[in-house]
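Structure record follows, encoded as structure tokens.
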Amino acid sequence: MEKTGNDFWQAKVTFEKDENVYQMEYKYVVIQGRAEMETWLPGGNLKIRPPGIITATSDDWVLEEKREQKSNQRKAYESRNRHNRHDQHHDHHHDHHHDHHRDHHHPPEKPDGNKLYMGESDTYGGVPCWYKDSIFYLIYCLGTPGHGGGGFFGDCPDVNDQTSGNANRFLRLRHWYDYLVDLGINAVYFTPIFDSGTHGYDTYDYFRIDRRLGDMNDFKTVLAELHERNIRVVLDGVFNHTGRGHFAFSDILSRGREWRQSPYKDWYFLRDGKSSYGDKFDYEAWSGYQVLPKLNVYHPDVRNHIFDVARFWLELGIDGWRLDCAADISPEFWNDFRRVCQETRPGSVLIGEIIHGDYNSWVDDYHRLHSATNYQLYKPLWSCLKDRNFFELRHNIERDEHLYGEKVLMNFIGNHDVDRVLSILNDDRQLAMLATVLLFTMKGTPCLYYADECFMGGKKQHGGDASLRQPMPYPGDHSWDRTLFEVTKHLTHLRKNFPATRYGGITIVWNNDTSIVYHRRMNDQAVAVVMNCGESPATAEVGIENAHEYQWHPHIGVDGNGPWSRPMHVTVGPKSARIFCGSTIKGK
């Protein structure tokens with residue numbers, strides 16, 4: 001290692017001929033400020049990926065890696081990639097690949113009427129401001145094996161037959177445009193929409209829309225029309241693994257016992273043996289499910305393939321990525337992925353699916369991912385109501401504040417992988433409304449799972465997810481209870497009109513088992529929440545410092561009809577909540 005300037009160290013590594021380069025690791029060392037104090041970065045080691053020179057700088061703790069790649073290596077990969085992909089598909093598929101490969105080098109035209117085509121790169125602590133201001137709506141698009149598991153559109157097959165024509169289901173989303181706007185949604189996150197074998201997480205082709213949903217023109221149309229309504233679009237990127245039908249894995253399969261002759265043999269973690277499918281080799285897979293072979297993201301060709309995918313869709317106009325199994329991939333990879341995305345579309349957002357572990361390892365305001373799915377707060381948001389235990393909620397809010405501070409995590413009370421919140425709460429609609437109030441009044445960005453606002457229930461059955469992914473009711477269908485829909489509208493209005501709910505800190509004033517009082521404050525604004533999940537009315541003091549200096553008004557009540565009077569004493573009915581918003585006279 002040698003010093004190349006006031007703020008840089010540079011390490012050049014020479015490998016022996018037989019060494020396994022992709023299993024080697026390194027760690028950054030930096031010079032802190034001008035005092036030239038050497039500091040080794042905390043955390044785990046990072047993977048080396050040749051060829052490369054590893055550098056680090058202490059200016060604002062910005063860390064970089066600069067790769068040295070020969071242009072002919074890149075050209076050889078692109079040529080081989082194009083050739084093999086064409087060989088793996090039917091003639092019409094061949095034409096499609098040629099088109100999208102050409103389009104990748106000549107970015108597609110911006111969709112007409114795309115008001116949100118990026119250029120907005122304003123950030124709040126390194127996180128795009130629009131993300132912190134967003135209210136997400138999660139739509140599960142494809143079908144799932146089991147009764148009723150046709151996804152959002154209701155009739156999407158659970159298996160892609162690879163022969164049917166394009167179904168154009170994506171265009172049906174138009175039926176819900178006004179519904180989403182009325183609900184207050186300004187960002188949609190789609191589960192995987194790329195060509196796959198079944199549920200979308202077994203990707204075959206990252207550059208093609210799954211025929212069960214439509215084609216590229218359908219997606220461009222929906223993207224432009226959502227943007228015209230000021231609704232952002234985030235796609236689900238599954239880069240930890242592929243399906244067995246992915247062109248690289250298909251090439252390996254086609255060679256049988258000669259699998260080592262495949263140019264893609266290092267794209268996956270292959271080994272001698274026999275797979276559960278009877279293949280002439282064995283391989284690593286996500287959680288042992290060999291339908292999902294694990295990608296070797298440490299291989300430069302694999303990285304380039306993934307980065308090409310990221311660029312392609314960002315150039316097309318999407319606003320960011322939700323990244324599946326993000327914690328199964330090293331933070332160092334996401335650091336590079338973020339740089340590619342920011343260079344392609346400044347202001348795009350990266351949200352990692354991280355179920356376990358310390359979010360700080362993968363989420364950083366200025367490096368790696370912008371945000372993560374906040375599973376650590378997910379359970380307390382409903383179990384505090386089901387178990388009548390607001391101490392659990394308080395502990396987890398304070399823990400979240402201590403560990404993650406100003407990080408902007410994505411909060412949720414439901415998604416396509418967990419039981420519907422109404423079913424978890426034993427079909428108690430009042431408690432489901434309280435869970436929704438909690439979701440929208442926590443720090444972070446809320447994400448609503450489609451149809452939760454319609455009191456849709458669903459539990460996993462025999463390990464299957466079909467009941468979690470049932471059809472979305474049509475807006476004109478008057479058979480569903482709109483009570484929670486209206487409550488959710490009030491809550492989205494609250495977040496949009498009171499910045500304290502998006503940027504303010506959170507303080508828990510008081511709680512017992514069944515009642516809690518907390519508030520969000522920012523500058524001259526305060527939002528106070530009083531909640532009671534018990535069976536009897538409860539009275540509490542809101543506890544806002546200098547409350548007499550604020551002009552208060554009740555913003556929303558969830559079946560709470562008790563009187564409210566100074567000095568900020570509030571009576572809340574059983575299983576209900578009251579929210580009060582205040583501004584100082586000066587602030588108004």
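Below is a table of values for the structure above.
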| read-out | value |
| --- | --- |
| Scope region 503-525; condition more than 21 Å from Leu431 (Cα to Cα) and either in contact with an Asp or Glu (Cβ under 9 Å, 6 or more places away or on another chain) or open to solvent by 10 Å² or more (accessible area, probe 1.4 Å) (or both); matching residues | Tyr503, Gly505, Ile506, Thr507, Val509, Arg521, Met522, Asn523, Asp524, Gln525 |
| The one condition in (1) buried (at least 19 other Cβ atoms within 10 Å of the Cβ); (2) modelled with pLDDT under 70; (3) farther than 18 Å from Cys384 by Cα that Ile585 fails to fulfil | (1) |
| Elements of type helices (runs of 4 or more DSSP H) in region 321-435, at least 2 residues being open to solvent by 10 Å² or more (accessible area, probe 1.4 Å) and charged (D, E, K, R) | 331-344, 375-386, 390-404 |
| Pair list, Cβ under 6 Å, 6 or more apart: region 241-254 residue of a type in the set (A, V, I, L, M), other residue assigned to a loop (DSSP other than H, G, I, E, B) | Ala248/Tyr264; Ile252/Ser262; Ile252/Tyr264 |
| Close pairs from region 175-187: first in contact (Cβ under 8 Å) with a residue 40 or more places away in the chain and farther than 17 Å from Leu235 by Cα, partner in a helix (DSSP H, G or I) and open to solvent by 70 Å² or more (accessible area, probe 1.4 Å), Cβ under 7 Å, at least 6 apart | Gly184/His493; Gly184/Lys496 |
| Test: residue in region 488-499 that is within 18 Å of Leu381 (Cβ to Cβ), open to solvent by less than 50 Å² (accessible area, probe 1.4 Å) and in contact with a Leu (Cβ under 7 Å, 6 or more places away or on another chain) | yes |
| Scan of region 285-299 for residues that are in a helix (DSSP H, G or I) and either more than 25 Å from Cys341 (Cβ to Cβ) or open to solvent by less than 10 Å² (accessible area, probe 1.4 Å) (or both), ordered by number | Ser287, Gly288 |
| Leading residue by the ranking (farthest from Val302 (Cα to Cα)) among those in region 234-270 that are of a type in the set (A, V, I, L, M) and buried (at least 21 other Cβ atoms within 10 Å of the Cβ) | Val234 |
| Within region 492-521, considering residues that are among the β-branched types (Val, Ile, Thr) and not in a strand (DSSP E or B), the one nearest to Gly444 (Cα to Cα) | Thr501 |
| Options Cys141, Cys129, Cys156; residue that is surrounded by 16 or more Cβ atoms within 10 Å (Cβ to Cβ), free of Cβ contacts under 8 Å to residues at least 12 places away in the same chain and of a type outside the set (S, T, N, Q) | Cys129 |
| Hey, Gly317 open to solvent by 30 Å² or more (accessible area, probe 1.4 Å) and out of contact with any Gly (no Cβ under 6 Å at 6 or more places or on another chain) or not | no |
| Tally of residues being touching a Pro at 6+ places or on another chain (Cβ under 6 Å) and of a type in the set (Lys, Arg) across region 500-545 | 0 |
| Looking only at region 457-490, and only at residues there that are within 20 Å of Leu183 (Cα to Cα) and assigned to a helix (DSSP H, G or I), the one that is nearest to the chain's Cα centre (by Cα) | Thr488 |
| Single condition Asp282 does not satisfy, out of (1) farther than 18 Å from Ser361 by Cβ; (2) open to solvent by less than 20 Å² (accessible area, probe 1.4 Å); (3) touching a Ser or Thr at 6+ places or on another chain (Cβ under 9 Å); (4) not small (Gly, Ala, Ser) | (2) |
| Those residues of region 492-512 which are among the charged types (D, E, K, R), closer than 19 Å to Gly125 by Cβ and out of contact with any helix residue (DSSP H, G or I) (no Cβ under 8 Å at 6 or more places or on another chain), in sequence order | none |
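The values are calculated or read from the model by the stated rules, or taken from the named source; none is laboratory data. This is a predicted model, so every value here is computed, not measured. Neighbour counts run over all protein chains shown; Cβ positions are idealised from the backbone, glycine included. These area figures cover heavy atoms from the full protein model, side chains too; ligands, DNA and RNA do not enter into them. Shrake-Rupley method; radii C 1.70, N 1.55, O 1.52, S 1.80 Å.
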